Amino acid sequence: MAIDLHIHSKSCSDGNLTVEELVKEAKIRKIGLMSITDHDSIGCQEKAMALTKKNGIRYVVGVELNVTFSHPRYNEGKSISLDFLGYQFDVNNRELRNKLRKTAQYREERAAKILDNINSEFEKEGIEKLTKNDLREIQDSVDGVLGRPHIADYLVRKRIVGTKQEAFDKYLVKCDVPKYPLYIEEASRLLRNAGGITVLAHPNDPHGTSLVTLTKSLPKQTEIIEESILGYIDGVECWHSRNDALTTKHYVKFAKKHGLIMTGGSDCHQKPILMGTVKIPEYVAEQFSFRTTRAS
């Protein structure tokens, strides 16, 4: 059975397919267990539950929260971003929904500030500045929550850059504005109070939000987790589309040592479609069955 517990939609995040298209594709790919984990958004969860049930696919409610973390021995104690995956929470939990609403509002404010920073770069290069109308067009292009990938897409459409990656390399990294400060303690509490579990996402992702920002050493990464993160998580994402074999082996061993849930997924934004391509053991599905049985 194919498993994918880390997927992003166009409907509520920065993916390239709607929830309806994702479920259709998942059925074609014979995915038996899936979770749509949109960035800081749970607006598509009820639709995903209904569609997967109709198509005979087991579904785990999910979300990906960007969290703020710091460690005194690394990065001069300055904060970095990590990602928490939340699963099996109550989608109607008021506290969680209110927090995500505030996060979405902040994303709009952050986008405006990023555009201001980009305009400063444009001025140096003699490029016509972006206006409020440009910001409005970017906002109108977003089905889910607004993020830097949407700004990158717009810069490509305006032919200011040739590719999305060029947009990040030339402007979006340099012109970034800090994300909403959701600290790991609060993120964990929100998910657990909503009846969910918290999983540290892609801890060794070389191209994403991960502990690589602090150290590339796998033993040092898990030392950091043991010292400062372990009490706030219930699991770790051991299988990921950008993992090498050594990373997966290291984190499976670490999870077993601490009795943590092990999850995995493609982190698919459908550019290209990676859903179901990461080989994840079937016992990952059994973990969720076991927790569901105990909870009931």
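What follows is calculated from the coordinates using simple rules that are stated; it is not laboratory data. Because the structure is a prediction, the values reported are computed rather than measured. No Cβ is skipped: glycine too gets one built from the backbone with ideal geometry, and neighbour counts run over all protein chains shown.
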*Considering only M49, M34, M262, give the residue with the highest GNM mean-square fluctuation for the chain, with springs between Cα atoms whenever their separation is below 10 Å.*
M49
*For region 1-51 and region 193-230, what is the separation of their C-alpha centers, rounded to whole Å?*
24 Å
*How large is ³J(HN,Hα) for each residue in region 67-74, as worked out from phi by the Karplus curve 6.51 cos²θ - 1.76 cosθ + 1.60 (θ = phi - 60°), to whole Hz, x for Gly and Pro?*
10, 9, 9, 9, 9, x, 8, 10
*Step through the residues of region 234-244 one at a time and calculate ³J(HN,Hα) from phi using the Karplus curve (6.51 cos²θ - 1.76 cosθ + 1.60, θ = phi - 60°), rounding each to whole Hz and writing x for Gly and Pro.*
10, x, 9, 7, 8, 10, 7, 4, 10, 6, 9
*Would you mind checking which residues have amide H under 5 Å from G265's amide H? H placed 1.01 Å from N; only 5 or more apart, or other chain.*
L5, W239, H240, S241
*Enumerate the aspartates and glutamates that K257 could reach by cross-link, defined here as Cα to Cα under 15 Å, with residues fewer than 8 away along the same chain left out.*
E223, E226, E227, D234, E237
*Using DSSP loop states and a limit of at most 15 other Cβ atoms within 10 Å to flag GluC sites (Glu not before Pro), what is the longest stretch of the chain containing no flagged site?*
129-281
*For the chain, set up a Gaussian network in which alpha carbons nearer than 10 Å are linked by springs, and say which option among V212, V61, V236 fluctuates the most.*
V212
*Mean separation of Cα contacts under 8 Å (6+ apart) over length of the chain, as relative contact order %*: 23 percent
*Summing -39500 (n - 2.57) over the DSSP H runs of n ≥ 4 in the chain and dividing by its residue number, what mean residue ellipticity at 222 nm do you reach, to the nearest 500 deg cm²/dmol?*
-12500 deg cm²/dmol
*Considering the chain as a Gaussian network with a 10 Å cut-off on Cα pairs, which listed residue, N98, N204, N66, attains the greatest mean-square fluctuation?*
N98
*What trypsin sites (Lys or Arg not before Pro) does region 27-96 have in DSSP loop regions with at most 16 other beta carbons within 10 Å?*
R29, K30, R73, K78
*How big, on average over all directions, is the shadow cast by the Cα convex hull of region 188-296, in nm²?*
7.5 nm²
*Spatially proximal lysines relative to K54 (Cα-Cα < 18 Å; intrachain offsets below 8 disregarded)*: K24, K27, K30
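Where the eigenvalues come from the Cα gyration tensor of region 118-203, what are the semi-axes √(5λ) of the equivalent ellipsoid, largest first, in whole Å?
Details: eigenvalues 216, 41, 31 Å².
Over the Cα atoms of region 118-203, the semi-axes work out to 33, 14, 12 Å.
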*Ordered by residue, what ³J(HN,Hα) values in Hz, to whole numbers, does region 204-216 give under the Karplus form 6.51 cos²θ - 1.76 cosθ + 1.60, where θ = phi - 60° and Gly and Pro are x?*
10, 5, x, 10, x, 7, 7, 6, 4, 4, 9, 7, 8
*Unpartnered cysteines of the chain (Cβ-Cβ under 4.7 Å counts as a partner)?*
C175, C238, C268
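Between D244 and K279, what FRET efficiency comes out of the Förster formula 1/(1 + (r/R0)^6) with R0 = 22 Å and r the beta carbon distance, rounded to 0.05?
0.95
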*Could you let me know the centre-to-centre spacing of region 111-178 and region 75-97, using Cα atoms, in angstrom?*
26 Å
*Where a Cα-Cα gap under 16 Å defines reach, which aspartates and glutamates qualify for K102, not counting those fewer than 8 residues away within the same chain?*
D38, D40, E64, E186
*Are any of the pairs K132/K174; K10/K158; K170/K220 more than 29 Å apart by Cα-Cα distance, and if so, which?*
K170/K220
*Helix 45-54 versus the longest principal axis of the chain: what is the Cα-based angle in degrees, 0 to 90, to the nearest 10?*
50 degrees
